[in-house]
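The values are calculated or read from the model by the stated rules, or taken from the named source; none is laboratory data. Keep in mind that what you see is a predicted model, and the values were worked out from it rather than measured. Virtual Cβ from ideal backbone geometry, glycine too; neighbours counted across all protein chains shown. These accessible areas exclude ligands, DNA and RNA; they are computed on the full protein's heavy atoms, side chains included. Shrake-Rupley method; radii C 1.70, N 1.55, O 1.52, S 1.80 Å.
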2 protein chains.
Amino acid sequence: MHGAWIVSIGNELLIGRVINSNLAWLGKKLTYLGFNVRRGLIVKDDCEEVAWAFRLATSSGAKVVVSTGGLGPTFDDKTSECLSKAFGLRYMVNDEALHLVSKKYSSAGLEMNDYRIKMAMMPEGAKPLPNPVGTAPGIRLKVGETYIFALPGVPSEMKAIFEEHVEPFLKRMGPEIEFFEVEITSKGLPESSIAPVIDRVMMRHPRVYIKSHPSGKELEAPVQRIHIQLSSKSRKEAMKILEKVEEELATLLREKGAKVIRSSRSPIH
Amino acid sequence: MHGAWIVSIGNELLIGRVINSNLAWLGKKLTYLGFNVRRGLIVKDDCEEVAWAFRLATSSGAKVVVSTGGLGPTFDDKTSECLSKAFGLRYMVNDEALHLVSKKYSSAGLEMNDYRIKMAMMPEGAKPLPNPVGTAPGIRLKVGETYIFALPGVPSEMKAIFEEHVEPFLKRMGPEIEFFEVEITSKGLPESSIAPVIDRVMMRHPRVYIKSHPSGKELEAPVQRIHIQLSSKSRKEAMKILEKVEEELATLLREKGAKVIRSSRSPIH
């Protein structure tokens, strides 16, 4: 089974100023994508520490290493430079990244400066991953047989880059599994009432991923399209689990007063 | 500066079923107690992994290693056995632990069985740490110059054992610092309204620890005694920071409608 490690970079995690929700989110996603999440390393914003973490992870035979943190413009954001040092790669301005970052600042009417250029500096050979929500691009780097994905620490940015640029990549190069999805629609319950129900069901079914997409208005006429996703080698097994989870979720939502309709059922890739 | 590592043991952390709030809580506590929290390791309930984590931590020169998870009665709770294997120590029934565990079950009218006895099995030479909230005792073990504290994963149990048995121990053997405390009393705001204010102030001041103790009734006549704690080598510096934090906290609470009185100011040990 393909192995994955998660590296969380940031002093604030170790002094307890921030709870590491990113690791849990990534663990769930990587598990859903068919990876065996083997270890998590929490390190400071310090090159010796960051280099140690990446080198240990790549030498372990992991297929994928995902890091969060240290990609911003300030002096304590060192992940890109430390990643370069870790593998003896030239730390340089990546043209594609520079274009991405410059565009964001010029459309905000701002000039580039050293701090902003820093966000376009990457290990030689890296591929920048555009940031749909913020500014600092993520980094994809292949070291030996391992793919490293370095993402921002800000959860909304990390998740957006992961879903847009990492997840599709991992589906292509990852384990031979198919992705199955069932969609239900819930009417009458605000998304804030649905969220805890979804969390409960997801906790009971570790391999299932559930996302809700609101349409309608949160309080006046709330409607959510809820996608229940599962990865599996076996279509038969997947559909069995999905039906069970759909039933469970629909029952809980109806108990809370929602009207629940089944929308669609099909494998997605 | 004395170094500390945190080891979080549990598959559920890596598949993202549980967010690792324990690590953040311990990081904050250890920082407050004067330790430099150097690394966090997240590993599965697996002896190779657990042994790797403990051995790496002890060989790094860390003065303290705190682990959470894997101390319960079920088959996947392996921390105690893995800790023994990690250091070639005999894994055996600890008499003091057996007494602690038996007492809990007999006062509940239950017999001892293999699963329950398992919670009293520890590396030879370990000291059990009584669990005020649950059943499984924590474990204190000295390996070379490092003190290992293995605690349960259930947050309420972990915190209770830490505060009653680990914190006093660390104050005695830890860095040469004094502990300072200022107490204020808040009247009129329920604890649930105070908690986010306290979190905000704590986040702004990483070395300060703030605890509120409710008296009175949550909704009818809420009163909280709020302890603002800081560790420092310098009394002068400590009192300066504490006054600043006290002012900030009192202002925020008054803005929310509380009546705030200063209760006391003194070093505590």
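So what is the relative contact order of segment A:1-60, in percent, for Cα pairs below 8 Å that sit 6 or more residues apart?
47
Taking just the C-alpha trace of segment A:178-264, give me its Rg and Dmax in Å.
12.5, 42
Would you mind classifying the protein assembly as shown by shape? Square roots of the alpha carbon gyration tensor eigenvalues, ordered a ≥ b ≥ c; an a/c under 1.5 is rounded, otherwise it is prolate if a/b is larger than b/c and oblate if not.
Taking the square roots of the gyration eigenvalues as a ≥ b ≥ c, the protein assembly as shown is rounded.
First select every other residue whose beta carbon is under 11 angstrom from the beta carbon of B:M92; then total the charges, Lys and Arg +1, Asp and Glu -1.
-2
Lysine pairs in segment B:178-264 8 or more apart or on different chains: how many have alpha carbons under 16 angstrom apart?
6
Report, to the nearest 10°, how far helix B:95-107 tilts away from the longest principal axis of the Cα atoms in chain B, using its own Cα long axis and a range of 0 to 90°.
The angle comes out near 70 degrees.
Testing the spin-label approximation: label points 7 Å from Cα along Cα→Cβ at B:Y115 and A:S107. State their distance in nm.
Rounded to a tenth, the inter-label distance reads 5.7 nm.
If ligands, DNA and RNA are left out, what is the accessible area of A:M112 with a 1.4 Å probe, given in Å² to the nearest 10?
Ignoring ligands and nucleic acids, A:M112 comes out at about 60 Å².
Along segment B:12-17, what does the Karplus equation 6.51 cos²θ - 1.76 cosθ + 1.60 (θ = phi - 60°) give for ³J(HN,Hα), rounded to whole Hz, x for Gly and Pro?
With the stated coefficients, segment B:12-17 comes to 4, 6, 7, 8, x, 6 Hz.
Rounded to whole Å, how close does chain B get to the rotation axis onto A by Cβ? Give me the residue too, please?
Nearest to the symmetry axis by Cβ: B:N20, 3.
Treating segment A:1-77 as a set of equal point scatterers at the Cα positions, no solvent, please give the Debye-formula log₁₀ I(q)/I(0) at q = 0.20, 0.25 Å⁻¹.
One equal scatterer on each Cα of segment A:1-77 leads to -0.86, -1.18.
Can you work out the Karplus-derived ³J(HN,Hα) for every residue in segment B:129-143? Use 6.51 cos²θ - 1.76 cosθ + 1.60 with θ = phi - 60°, whole Hz, and x for glycine or proline.
Going residue by residue, I get 10, x, 9, x, 10, x, 10, 5, x, x, 10, 10, 9, 9, 10 Hz, with x marking Gly and Pro.
Defining a contact as two alpha carbons under 8 Å apart and six or more residues distant in sequence, what relative contact order in percent does segment B:1-140 show?
Across segment B:1-140, relative contact order equals 23 percent.
Skipping prolines and chain starts, which residues have an amide H placed within reach, meaning under 5 Å, of the one on A:V143, given they are 5 or more residues away or on another chain?
A:I148
Considering only protein heavy atoms, what is the solvent-accessible area of A:K211 at a probe of 1.4 Å, reported in Å² to the nearest 10?
Rounded to the nearest 10, that gives 50 Å².
What are the ³J(HN,Hα) values, in whole Hz, obtained from phi via the Karplus relation 6.51 cos²θ - 1.76 cosθ + 1.60 with θ = phi - 60°, for each residue of segment B:70-77 in sequence order, with x given for Gly and Pro?
x, 10, x, x, 8, 5, 8, 8
Please compute the alpha carbon radius of gyration of chain A, then divide it by the globular-protein estimate 2.2 N^0.38 Å. Two decimals is fine.
1.10
What is the sum of charges around B:P132, taking Lys and Arg as +1, Asp and Glu as -1, for the other residues whose C-beta is under 15 Å from the C-beta of B:P132?
-1
Relative contact order of segment B:78-156, please, whole-number percent, based on alpha carbon pairs below 8 angstrom and at least 6 residues apart.
28
Past the 27 Å Cα-Cα mark, which pairs from A:K29/B:K142; A:K44/B:K171; A:K44/A:K142?
Where the Cα-Cα span goes over 27 Å, the pairs concerned are A:K29/B:K142.
When a/c reaches 1.5 or more, the comparison of a/b and b/c decides; with that in mind, is segment A:88-229 rounded, prolate or oblate per its Cα gyration tensor?
Oblate, because a/c is 1.5 or more while a/b does not exceed b/c.
At B:R90, with labels set 7 Å past Cα in the Cβ direction, how many nm apart are the copies from this one, shortest first?
Relative to the other copies, B:R90 has label-point distances of 6.3 nm.
What's the local net charge at A:A57, with K and R +1, D and E -1, over the other residues with C-beta under 10 Å away?
Spelling it out: positives minus negatives among the neighbours equals +3.
Can you list the copy-to-copy distances for B:D199, using a point 7 angstrom from Cα toward Cβ, in nanometres, shortest first?
In ascending order, 1.1 nm.
I need the inter-copy label distances for B:K103: point set 7 Å along Cα to C-beta, values in nm with one decimal, smallest first.
Counterpart label points of B:K103 in the remaining copies fall at 6.8 nm.
Taking R0 as 56 Å, what FRET efficiency do you get between A:R254 and B:N36 from their Cβ-Cβ distance, rounded to the nearest 0.05?
0.60
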